[in-house]
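Down below is the structure, laid out as structure tokens.
The values are calculated or read from the model by the stated rules, or taken from the named source; none is laboratory data. Given the structure is predicted, the values throughout are model-derived calculations rather than measurements. Positions of Cβ are generated from backbone atoms using ideal geometry, with glycine treated the same way; all protein chains shown enter the neighbour counts.
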Amino acid sequence: MDFLPLNKWITNLKKPLVIAGPCSAESEEQVLQTAHALKNIEDVRIFRAGVWKPRTRPGTFEGVGTKALVWLSKVKEETGLLTSVEVAKPDHVEKALEFGIDILWIGARTSVNPFAVQEIADALKGTNIPIMVKNPINADLSLWMGAIERIHGAGINKIAAIHRGFSTLDEPRYRNRPFWRIPIELKHKLPGLPVICDPSHITGKRDLIAEVSQKAMDVDMDGLMIETHPNPDAAWSDASQQVTPAMLADIIGGLKLRTEFSPSRTFEHELEGLREQIDRIDRILLENLKSRMDVVEKIGKAKSANNVTPLQLHRMDAMMKNRLEVALALGLPEKYIKEIYEVVHAESVKRQTDIMNSFQNDKDSE
Ligand code: PEP
Ligand code: MN
């Protein structure tokens, strides 16, 4: 899949790209007041507002609907910010296009459903309007990629992914667990795809937004989507996770932006030297694993000749106990060494089982 780089569809792009605005458009005044405050924050380029809200329970506020699109047109006219809304149905796409919304996004409760995504993709054919695809609510990378592929298949190449975390049963700290390896894997699988983090929906709490935003920068995400409201506690949806424009400016101002490469020659030299050391150590590690496996095979043959099982629990327990003691003395984390030895031991048992089976087959065919 080819994706148009972000700087080709957002002019004068700076890192991070910031998308801000309320969870929901509530009134013309709230929308315009927020947008005017946001236009003074340099990194904010895109205004967001939910117009049709996918609520978990019926009977809660479901968005003001199409009339808010007029308010968004005013935002564009008065502030120069690009506008974006969530679309969940072909009818939403049609309305958003009619009112000149610049960018659309597909929410987490929609990207989970291939039928719904395909219907949206069909409605988008022939437009090439930029689309941002939020991760599905469950931690399924293929489903997220599938939604992106469906949009791309409609001829859209201005696509970004939004990482908003995943629902799980147990979530003491965050509203949605981030599982950072999933968006990182997405970047590997779909090179060139911009990935934006939504710390508001990950944390569910405004006090935690700064730390998650920093983490997103540290894993080299391209932007942030942060819910912003002039009076967050009075917001009609997601009140606890919204911040004021002033708080948003502080969060962005406090970010430490790191780069993949440093201009310092001394640092690059030092890094190169340390990496050479790692390469040498890994070589020794692998050679030792090979020597270990040679001994495992000798044991396998001896056990087979003497009719002893490959797995001997008492030996495994004793070995693990000893290795963890050594690890502790060396200051290595117990969990790390335990996981490594479980894999090493499982492979040894498997190798010995294979040896026994081949001995048995030889005997059977004699
Ligand atoms: C939102 O952006 O307000 C929203 C509903 O998000 P999500 O789809 O990530 O839950
Ligand atoms: Mn929200």
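Kindly indicate whether any position in the stretch 199-206 is more than 14 Å from ligand 1 (Cβ to nearest atom), at pLDDT 95 or above and either buried (at least 18 other Cβ atoms within 10 Å of the Cβ) or under 23 Å from residue 54 (Cα atoms) (or both). Within the stretch 199-206 (the criterion being more than 14 Å from ligand 1 (Cβ to nearest atom), at pLDDT 95 or above and either buried (at least 18 other Cβ atoms within 10 Å of the Cβ) or under 23 Å from residue 54 (Cα atoms) (or both)), the answer is yes, since at least one residue qualifies.
What about residue 132, is it outside any helix (DSSP H, G or I) and not hydroxyl-bearing (Ser, Thr, Tyr)? Here the answer is yes, as residue 132 does meet what is asked. Applying the set (1) surrounded by 21 or more Cβ atoms within 10 Å (Cβ to Cβ); (2) of a type in the set (D, E, K, R); (3) touching a strand residue (DSSP E or B) at 6+ places or on another chain (Cβ under 8 Å) to residue 26 leaves exactly one unmet item: (3). No other residue among 11, 66, 34 is of a type in the set (Val, Ile, Thr) and touching a helix residue (DSSP H, G or I) at 6+ places or on another chain (Cβ under 6 Å) apart from 66. Inside the stretch 96-109, residues that are over 13 Å from residue 21 (Cβ atoms), in contact with a helix residue (DSSP H, G or I) (Cβ under 8 Å, 6 or more places away or on another chain) and part of a loop (DSSP other than H, G, I, E, B) make up a count of 2. Scanning the stretch 61-92 for residues that are farther than 24 Å from residue 37 by Cβ and within 16 Å of ligand 1 (Cβ to nearest atom) turns up 62, 65, 87, 88, 89, 92. On inspection, residue 146 does not qualify as away from ligand 2 (no atom under 16 Å from the Cβ), touching a Pro at 6+ places or on another chain (Cβ under 8 Å) and on the phi > 0 side of the Ramachandran plot.
Residues in the stretch 237-248 that are more than 17 Å from residue 211 (Cβ to Cβ), surrounded by fewer than 19 Cβ atoms within 10 Å (Cβ to Cβ) and not hydroxyl-bearing (Ser, Thr, Tyr): 2 in all. Could you tell me how many of the residues in the stretch 78-115 are within 19 Å of residue 145 (Cα to Cα), surrounded by 18 or more Cβ atoms within 10 Å (Cβ to Cβ) and of a type outside the set (Ser, Thr, Tyr)? Total meeting the criteria: 9. Scanning the stretch 102-127 for residues that are of a type in the set (D, E, K, R) and within 23 Å of the chain's Cα centre (by Cα) returns a single hit, 109.
Conditions (1) without any contact (Cβ under 8 Å) to a residue 24 or more places away in the chain; (2) farther than 18 Å from residue 309 by Cα; (3) surrounded by 10 or more Cβ atoms within 10 Å (Cβ to Cβ), marked per residue:
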position	(1), (2), (3)
324	yes, yes, yes
329	yes, yes, no
348	no, no, yes
351	no, no, yes
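Restricting attention to the stretch 26-59, the residues that are in contact with a Phe, Trp or Tyr (Cβ under 6 Å, 6 or more places away or on another chain) and within 16 Å of ligand 2 (Cβ to nearest atom) add up to 2.
Across the stretch 34-46, the number of residues qualifying as more than 22 Å from the chain's Cα centre (by Cα) and surrounded by 16 or more Cβ atoms within 10 Å (Cβ to Cβ) comes to 6. When we screen 307, 288 for residues that are surrounded by fewer than 13 Cβ atoms within 10 Å (Cβ to Cβ) and at negative phi, the only hit is 288. Exactly one residue among 150, 175 is in a loop (DSSP other than H, G, I, E, B) and closer than 23 Å to residue 116 by Cβ, and that residue is 175.
Within the stretch 115-155, being more than 16 Å from ligand 1 (Cβ to nearest atom), aliphatic (A, V, I, L, M) and in contact with a Lys or Arg (Cβ under 6 Å, 6 or more places away or on another chain) holds for 121, 154.
Rundown of residues vs (1) under 30 Å from residue 256 (Cα atoms); (2) in the same structural domain as residue 124 (by TED's automatic domain parsing), yes/no style:
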{"site": "1", "(1), (2)": "no, no"}
{"site": "22", "(1), (2)": "yes, yes"}
{"site": "35", "(1), (2)": "yes, yes"}
{"site": "40", "(1), (2)": "yes, yes"}
{"site": "68", "(1), (2)": "no, yes"}
{"site": "90", "(1), (2)": "no, yes"}
{"site": "100", "(1), (2)": "no, yes"}
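Whether a residue is touching a Leu at 6+ places or on another chain (Cβ under 9 Å) and in the same structural domain as residue 21 (by TED's automatic domain parsing) was assessed, and residue 160 passes this test. Residue count for the stretch 257-271, restricted to those that are farther than 24 Å from residue 16 by Cβ and surrounded by fewer than 10 Cβ atoms within 10 Å (Cβ to Cβ): 2.
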